[in-house]
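Just below is one structure, and these are the notes that go with it.
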Amino acid sequence: MTPELGIIEGFFGRPWSWEARAQVVRFLAPHGYGFFLYAPKADPFLRRRWREPHPEAELAAIARLAAQCRDAAVRFGVGLTPFELHLAPEGDWRGALRAKLDTLSGIGIDDLAILFDDMRGDVEGLAGIQAEIVDFAASRGIASRLLCCPSYYSDDPVLDRAFGRRPEGYLETLGRLLDPAVEIMWTGEEVCSREFSPGHLERVAETIRRRPFLWDNYPVNDGAIMSQHLHLRAFTGRPAAIGPLVAAHGINTASQPLLSLIPALTLAASYEQGTDYRYGAAFRAAATAVCGEDLARRLEADLLSFQDRGLDRISNDRRAELQGIYAAFAHPAAEEVIAWLDGAYSSSGEDVQTQ
């Protein structure tokens, strides 16, 4: 069974353009991608400056994207991080949150995600504070689906090193306190999980008292380390057998929107084909559908350099040679490769702290 698939624009660094977002929605909708969650870390008004209103032009652009999603029969959602509110939940935080939610309500959203990821979490009573924030957001009734990303959204101990040791029984308490209708996001055994097994997902579901909503950190390539790589290969380690065990499966995409379409198509193929899925053939089919046959062959030839070796291990002479090769392709996906080779996507500003 194929679960609901979707796109999460939830990475650090250079965000997508509005045109690219709409293009991705239109392209993937026929392939089972039924939701788009707008949550770029670069939007300060959804994160560190969440108490401030969006500039009118930005808010209008979000509203246009919401309308474009509706036209494609795709759910549109916004990921809001009430940044560090759980560290000092005193004062009139409800008034500030109400104002932000009322603004989002005006643009029309289907999904609202309250995100507590990638900030300090070693706080006494963390689950209770966060449940209170989520419950308040739910009471505003601005979306038909409410999602929550916990502070500790994976078993990965790297989160404890980066954000403080997780409180005892944190996930169990959060799952007990949150309304069963609230979906809880999960990245797996690792922040960037190499596989999702049925046994793991069953254990997580028991802990949080609901099927997990997968936030799959592939093909994301943000941060100082991963931005040096293009994640193009087909999905593996996501067997079709996990479909009934998850509430939905969203993928956190790469910084390159068109190239992200390639692995996105292979995830849909993995669920559809089940045990007949072959990741090499899936890559070739997806790359051809996105880029055309000639460019797809070229990308396959360069997978080792782009995905495994990375930009910092490609010599300047080889970079120049590759830029010339890809310049011969009159295709926007080739332009993304050239920009990556030129360092345009290299991490800057706020990096992923878990890397």
**Complete:** Of the listed residues (I251, I262), the one being part of a strand (DSSP E or B), of a type in the set (A, V, I, L, M, F, W, C) and touching a helix residue (DSSP H, G or I) at 6+ places or on another chain (Cβ under 9 Å) is I251
**Message:** What's the total number of residues in segment 317-338 that are in contact (Cβ under 8 Å) with a residue 24 or more places away in the chain and part of a helix (DSSP H, G or I)?
**Reply:** 7
**Single match in A57, A61, A99 (criterion: assigned to a helix (DSSP H, G or I), free of Cβ contacts under 8 Å to residues at least 60 places away in the same chain and surrounded by 14 or more Cβ atoms within 10 Å (Cβ to Cβ))** = A61
**Criterion (in contact with a Leu (Cβ under 6 Å, 6 or more places away or on another chain) and hydroxyl-bearing (S, T, Y)) met by exactly one of Y38, Y33** = Y33
**Message:** Of everything in segment 5-54, what is assigned to a loop (DSSP other than H, G, I, E, B), of a type in the set (D, E, K, R) and crowded, with 16+ Cβ neighbours inside 10 Å? Give them in sequence order.
**Reply:** R14, K41, D43, R47
**Prompt:** Using beta carbons and a limit of 9 Å, which pairs, at least six apart or on different chains, have the first residue in segment 285-310 and closer than 16 Å to I338 by Cβ and modelled with pLDDT of 95 or more and the second one of a type in the set (S, T, N, Q) and in a helix (DSSP H, G or I)?
**Reply:** L295/T288
**Asked** When you look at R120, is it within 30 Å of C69 (Cα to Cα), touching a residue at least 12 places away in the same chain (Cβ under 8 Å) and surrounded by fewer than 21 Cβ atoms within 10 Å (Cβ to Cβ), yes or no?
**Response** no
**Hits in segment 105-152 (condition: of a type in the set (K, R) and closer than 18 Å to A88 by Cβ)** = R120
**Request:** Could you tell me whether any residue of segment 238-248 is surrounded by 21 or more Cβ atoms within 10 Å (Cβ to Cβ) and under 17 Å from F27 (Cβ atoms)?
**Result:** no
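Conditions (1) modelled with pLDDT under 95; (2) among the small types (G, A, S), marked per residue:
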| site | (1), (2) |
| --- | --- |
| E202 | no, no |
| D216 | no, no |
| I225 | yes, no |
| Q228 | no, no |
| R233 | no, no |
| A240 | no, yes |
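The values are calculated or read from the model by the stated rules, or taken from the named source; none is laboratory data. In this text the structure is predicted, and so the values were computed from the model without any measurement. Please note: Cβ atoms are built from the backbone with ideal geometry, for glycine as well, and neighbour counts cover all protein chains shown.
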